[in-house]
1. With each run of n ≥ 4 DSSP H residues scored as -39500 (n - 2.57), what mean residue ellipticity at 222 nm is computed for chain A after dividing by its residue count and rounding to the nearest 500 deg cm²/dmol?
2. Alpha carbon centre of the range A:37-61 versus the range A:427-446: separation in Å?
3. Where a Cα-Cα gap under 27 Å defines reach, which lysines qualify for B:Lys153, not counting those fewer than 8 residues away within the same chain?
4. Using Cα-Cα distances under 8 Å and only pairs 6 or more residues apart, what relative contact order does the range A:38-339 have, in percent?
5. Got a sec to turn the phi values of the range B:214-222 into Karplus ³J(HN,Hα) couplings, 6.51 cos²θ - 1.76 cosθ + 1.60 with θ = phi - 60°, whole Hz, x for Gly and Pro?
6. For chain B, which span is the longest to avoid every loop-located (per DSSP) member of GluC sites (Glu not before Pro) having at most 16 other Cβ atoms inside 10 Å?
7. Starting from the Cα gyration tensor of chain A, take the square roots of the eigenvalues, sort them a ≥ b ≥ c, and report rounded, prolate or oblate (rounded when a/c is under 1.5, otherwise prolate if a/b is larger than b/c, else oblate).
8. Going toward the positive end of the dipole of chain B, with +1 on Lys and Arg Cβ and -1 on Asp and Glu Cβ, which of B:Pro143, B:Tyr55, B:Pro74 do you reach last?
Amino acid sequence: MTDITDLEVREGVDRETVETVQNMGSYKYGWNTEIEMDYAPKGVNEDIVRLISKKNDEPEWMTEWRLEAYRRWVTMTEPKWAMLNYPEIDYQDQYYYARPASMTEKPKSLDEVDPKLLATYEKLGIPLREQMILAGVEGAEDAPAEGRRVAVDAVFDSVSLGTTFKDELAKAGVIFCSISEAIREHPELVKRYLGSVVPQSDNYFATLNSAVFSDGSFVYIPPGVKCPMELSTYFRINAENTGQFERTLIIADKGSHVSYLEGCTAPKRDTNQLHAAVVELVILEDAEIKYSTVQNWFPGDEDGKGGIYNFVTKRADCRGDRAKVMWTQVETGSAITWKYPSCILRGNESQGEFYSIAIANNHQQADTGTKMIHLGKNTRSRIVSKGISAGHAQNTYRGLVTMHPRATNSRNYTQCDSLLIGDKCGAHTVPYIEVKNTSSRVEHEATTSKVDDDQLFYCRSRGMDEEEAVALVVNGFCREVLQALPMEFAMEAQALVAISLEGSVG
Amino acid sequence: MLKINNLHVKLEEEDKQILKGLTLEVPAGEVHAIMGPNGSGKSTLSYVLSGRDGYEVTEGSATLEGASLLDMEPEERAAAGLFLAFQYPVEIPGVGNMTFLRTAVNAQRKARGEAELTAGEFLKVVRAKAADLQISPDMLKRPVNVGFSGGEKKRNEILQMAMLEPRMCIMDETDSGLDVDAMRLVSDGVNALRSPDRSFLVITHYQRLLSHIQPDVVHIMANGRIIKSGGPDLALEVEENGYGDLLAEAG
């Protein structure tokens, strides 16, 4: 009977998609929360960096670390190698810090947070109360095996409002808090690991982030601990003309295990907004991190006006033997996406996986992919990338697989599929492969196809309308990646796939 | 049920007339067969009736229970009760057969203002109907038509037909590529669906299928037109003598 149960579950997921398609509207997270905000003065300079550090009550070493990054940043130039076209960004014409006025006095718990802010997350469907989440149904007491609890860190513009399930996680020895709190409360861990995967000088955007990051999440899983619940961070950009620069640091100590989810949305604005995040994952011996993202920043309107510029550096370092990391991303939002979640496979027999769905519709541009750096012996990596282009969008997969001389008997498998909807969009694949030993093997498969008229007609002849048919075919195309996501996320992602493609046919 | 009057159809892309004044009526509850040599326009007829792109109707009409089919989108025709069993069923990678079926069933129910089936209700029905057609649970789970054998694809079409319960079923060479056993399964499936308010239009090259699915009327189609209609014996005649005499007779 197992097969039938599985069937029913999958049914539910696909069902969701279809219903969503039927109720399709435009970007549904585009509303804005009216709230009093404190801003740092516009622009970035050493004083602003000091101010951000001060607002977070940071120790001197952290301020210095930021300043060092800032001094580096002013000597650097923005990278232009990506297949992205956008007007020059004026880095002095942005706010780098925006905090709800009610957050000036740090609330001790979520109960003390301004109800208006909490309502924002409620409206977004993010549970900030500590309860079971069962496939979207809240409050299930006797949840069956698939019923899970998810701890949430809610980041609003530049600050974290708070995290849930703190006590229960603490019992297991898990630290899950905002990065600003970690800098104050766990300086030894932060000092040791911050910037150890993505150095301050890594790239233009990461360096800017190192100087001005305001908040983000921090996770530490002690040796041998399997995190008792899924952890998640929900990023919301609300303030106008404000960049969000979050920093996430996750450390999985020896033999530990954690699944982490990340979601992002922003209001509809006519102007472009900057988002430059850095995520660092440290995975020690026999540990495993599963990191899933559903990125749904405002993509701009049908004419390409507004939308988030998303420049993100994400990297995992498998430091110990048999360490394992799995990146799964569903990138449907943002006007510009520049993002290459990478794996450094340093430990022997360590493993890296990257599953990606990138959808670009209307005038969106995405240049995304991964890097698999094989350093240890017998390391393995797998890349499955599904790029979907519609409207006038350009979608590029850019990936690097490198086998170090020392990384003997290592393997990589890359599968890179592009799907085109309509005749005004583009799909590009730019794989870089370097193999510096003779015992390793690298496989690369790529396909490009169009949504097939026969498939659409077949679906329509059975009663589905055109949008529903496209959503079904595209979800089929993405299936391998959707299956890599945790259940609740898979449902959200399927729905998003449908919504993102609204108006792409006909 | 289905009334086709003086239907003229050309290809959209090139100036080629395929149907040249086809007239045909299938009353409720009847099974009609269309036979004819290759290139006579049989598949075109099935595609035009179900609304596939690429054809231009230059003259004539086609109605289903009085409603003009030619003005409707393919999905509207489906909701109105028209079903085409494809000659070459299409593969949809990554989409589970069950998901596809349930989406289709509920899309039609929704279009007709009926309540959608829940997962439980749907499963119960689909399992029973699949068992009748010897479709395994595994086949229900696999992506639509991907890796299916010829016989499995055709049985799957009949399963869709059984689930969607159309009023007017068009079967385009459903017997092609079937072995004897599969032919019997498909025929049994079709015969089980025969009812006073459901009609069939069975397009085939061979009499063989018609010995399993007894037609009320057999039409011979050639050069875009029906050139002769008659009882089941007409199919036997074709089987024995080929189309030569009939074509000569029609000039």
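Only the coordinates and a few stated rules stand behind these numbers; no lab work does. As the structure is a computational prediction, the values presented were derived from the model and not from experiment. Cβ placement follows ideal geometry from the backbone for every residue including glycine, while neighbour counts extend to all protein chains displayed.
1. That comes out to -7000 deg cm²/dmol.
2. 43
3. Reachable lysines: A:Lys450, B:Lys42, B:Lys110, B:Lys124, B:Lys129, B:Lys141.
4. 16
5. Karplus-based 3J(HN,Hα) across the range B:214-222 equals 5, x, 7, 9, 10, 10, 9, 10, 8 Hz.
6. B:117-251
7. Because its axes are fairly even, with a/c under 1.5, chain A counts as rounded.
8. B:Pro143
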